[in-house]
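J.: Before we start, here is the structure in question, set down as structure tokens.
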Amino acid sequence: MPNLTPTELERYRRQIMLPGFGEVAQRQLKASTVLVTGVGGLGGTAALYLAVAGVGQLILVRGGELRLDDMNRQILMSHDWLGKPRVFKAKSTLAAINPDVQIDAVFDYVTSENVDELVQRADVALDCAHNFEERNRLNEACVRWGKPMVEAAMNDMEAYLTTISPGRTPCLSCLFPEKPDWDRRGFGVLGAVSGTLACLTALEAIKLITGFGEPLFSQLLTMDLSRSEFAKRRPYHDPNCPVCGERSHTSPPAQLPNHAIANPDHFLARNYHL
Ligand SMILES: [Zn+2]
């Protein structure tokens, strides 16, 4: 794992001092690559908190140009960027905040052509796309390559979050076998709602990478933010799931960031509730 520079030790001092975090967790973050798909109110804000936390490399994937009605929640953007590709502005904002983070901005959506290469390069993927097409593509690739995926979505004032570890937890297809035909672009949203979910999403990635805390493995956190109601549910792990069903019986344990698992038994015992 890479060492921390004096600047990094100071920049991250307040999180390094957290009990159970320490310099090892910080070095694990520095050694990690996180893929963020859908860099909008949700993915962009999650990327912000990963950047300030010191994740070494971010791969940001988002097609399309910035619109005025994005500006109530896409906090990496600025008014003068309207009409230009969001993902490049996201990269420049994050680089200005933390120049130590390497950022690869991919001006594209998640496609069947690019998804395998993107997932293979990442230790953890964040699923923040606005439609199920991209979400399913990412889920399938994460199962194929054994990469953990944080699944975050919202609708109006409701949000949900779970962390998928292929072969160990239900996958997105287990959760939504009927593949709803919805496009997340059209619904109403407050920036504080997408931002709340984004912070929790970033936190899941940090937990996965470092073993600090307990990720939402096989747990679906549902949030009704209009009433500030949070609940945890246990989603069904379909043994016949067309995406993860066979793997769940035959595959080796999911591939988690190698450097994060200095003591796999410790990590698994603490974090998998299966
Ligand atoms: Zn499944």
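Every read-out reported here was derived from the displayed coordinates using simple, explicitly stated rules and does not represent laboratory data. Computed from a predicted model, the values in this text were never measured in an experiment. No Cβ is skipped: glycine too gets one built from the backbone with ideal geometry, and neighbour counts run over all protein chains shown.
J.: Which percent, nearest 5, of DSSP beta bridges in the chain are antiparallel? Before the final figure, lay out the partial values.
T.: On the way: 18 of 36 bridges.
Approximately 50 percent, going by the DSSP bridge assignments.
J.: Follow-up. Helix by helix through the chain, keep the DSSP H runs that span 18 Å or more along the axis on Cα and average at least 1.0 on Kyte-Doolittle, and give those back in order. Show your work: numbers first, answer last.
T.: Details: long enough: 132-145 (19 Å, -1.20); 191-210 (28 Å, 1.35).
Going by DSSP H runs, the hits are 191-210.
J.: Something else about it: Which entries in Lys30/Lys89; Lys91/Lys207; Lys84/Lys232; Lys91/Lys147; Lys147/Lys232 show an alpha-carbon gap greater than 30 Å? Each step should come with its number before you reach the end.
T.: Numbers: Lys30/Lys89 23 Å; Lys91/Lys207 23 Å; Lys84/Lys232 39 Å; Lys91/Lys147 24 Å; Lys147/Lys232 23 Å.
Distance filter (> 30 Å) returns Lys84/Lys232.
J.: Here's something else I'd like to know. What ³J(HN,Hα) values, in whole Hz, does the Karplus curve 6.51 cos²θ - 1.76 cosθ + 1.60 give for region 157-171 when θ = phi - 60°, with x put for Gly and Pro?
T.: Values, residue by residue: 9, 10, 9, 9, 8, 8, 10, 9, 10, x, x, 10, 10, x, 9 Hz.
J.: For region 238-245, what does the Karplus curve 6.51 cos²θ - 1.76 cosθ + 1.60, with θ = phi - 60°, yield as ³J(HN,Hα) per residue in whole Hz, taken in order and with x for Gly and Pro?
T.: 6, x, 9, 4, x, 8, 10, x
J.: Beta carbons within 10 angstrom, averaged per residue: use that to sort the peptides 74-86, 124-136, 27-39, highest first. Could the numbers behind the result be given before it?
T.: Details: 74-86: 16.5, 124-136: 23.8, 27-39: 25.8.
Ranked from most to least packed, the peptides come out as 27-39, 124-136, 74-86.
J.: Add +1 for every Lys or Arg and -1 for every Asp or Glu among the other residues with Cβ under 10 Å from the Cβ of Asn114, and state the total. All intermediate terms of the calculation are to be shown ahead of the outcome.
T.: Numbers: positive: Arg137; negative: Asp108, Glu113, Asp116, Glu117.
Overall, the nearby charge balance is -3.
J.: While we're looking at this one, here's another question. Could you grab the relative contact order for region 6-271? Cα pairs under 8 Å, six or more apart, rounded to a whole percent. Working shown, then result.
T.: On the way: 546 pairs, mean separation 52.9, N = 266.
It comes to 20 percent, rounded to a whole number.
J.: Could you list Glu151, Glu140 so that the one with the fewest beta carbons within 10 Å of its beta carbon is first and the one with the most is last? All intermediate terms of the calculation are to be shown ahead of the outcome.
T.: Working: Glu151 26, Glu140 21.
Starting with the residue having the fewest Cβ neighbours, the order is Glu140, Glu151.
J.: Another question, then. From the helices alone, meaning DSSP H stretches of at least four residues, give me the mean residue ellipticity at 222 nm for the chain, per-run term -39500 (n - 2.57), in deg cm²/dmol to the nearest 500.
T.: Numbers: 11 runs with 99 residues, N = 274.
Estimated from H runs of four or more residues: -10000 deg cm²/dmol.
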